[in-house]
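The values are calculated or read from the model by the stated rules, or taken from the named source; none is laboratory data. Keep in mind that what you see is a predicted model, and the values were worked out from it rather than measured. Surface areas here come from the heavy atoms of the whole protein model, side chains and all, with no ligands, DNA or RNA. Shrake-Rupley method; radii C 1.70, N 1.55, O 1.52, S 1.80 Å.
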Amino acid sequence: MRKIILLGAGKSANILIDYILDHAATENWELHITDLDKETVLGKIKDRPHGHYFEFDLNSDQSRKESIEKADLVISMLPAMFHPIIANDCIRLKKHLITPSY
């Protein structure tokens, strides 16, 4: 099972979350989502079995490393000013990263 982590579950992530979870069973994906508001994530997962909430502390080097290390793919929907932090971690840990282009 390929583990995808999604950092940020704001309005711009809705279609992405639905797409990944709609295809998770056939593609062998697990989607782990974090956001400042846990209830937002749980509302978007809608009890789908391949969607999970996880705790994430952007300001903790250890928390970021542990979360990213477990992922096959990292998708950052965080504000752009945080992309370099996540990108540096992904480079160090040799993980794939996707960020939106605005």
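Can you tell me the convex hull volume per residue for region 53-102, based on C-alpha atoms, in Å³ to the nearest whole number?
About 81 Å³ per residue, rounded to a whole number.
Can you give the extra length, in nm with one decimal, that the chain gains between LYS46 and ILE91 once fully stretched, where that is 0.36 nm per residue apart less the Cα-Cα distance?
13.0 nm
Based on the Cα atoms of the chain, what semi-axes does the equivalent ellipsoid have, where each is the square root of 5 times one gyration tensor eigenvalue, given in whole Å with the largest first?
20, 15, 13
What whole number of Å gives the distance from the Cα centroid of region 8-33 to the Cα centroid of region 34-102?
With region 34-102 and region 8-33 each reduced to a Cα centre, they are spaced 12 Å.
Per 0.36 nm of contour for each residue apart, how much would the distance between ASN59 and ALA25 grow if the chain were fully extended, relative to their Cα-Cα spacing?
9.0 nm
Under 10 Å, Cα contacts only: if you run a Gaussian network model on the chain, which one of LEU31, LEU16, LEU78 comes out with the highest mean-square fluctuation?
The residue with the greatest mean-square fluctuation here is LEU16.
Leaving ligands, DNA and RNA out of it, report the carbon-plus-sulfur percent of the accessible area of the chain at a 1.4 Å probe.
54 percent
Of HIS23, HIS32, HIS83, which is the most mobile in a GNM of the chain whose springs link Cα atoms less than 10 angstrom apart?
Of HIS23, HIS32, HIS83, the Gaussian network model singles out HIS23 as fluctuating most.
Roughly how many Å² is the accessible area per residue of region 1-50, as a whole number, for a 1.4 Å probe?
Here the residues of region 1-50 average 58 Å² of exposed surface.
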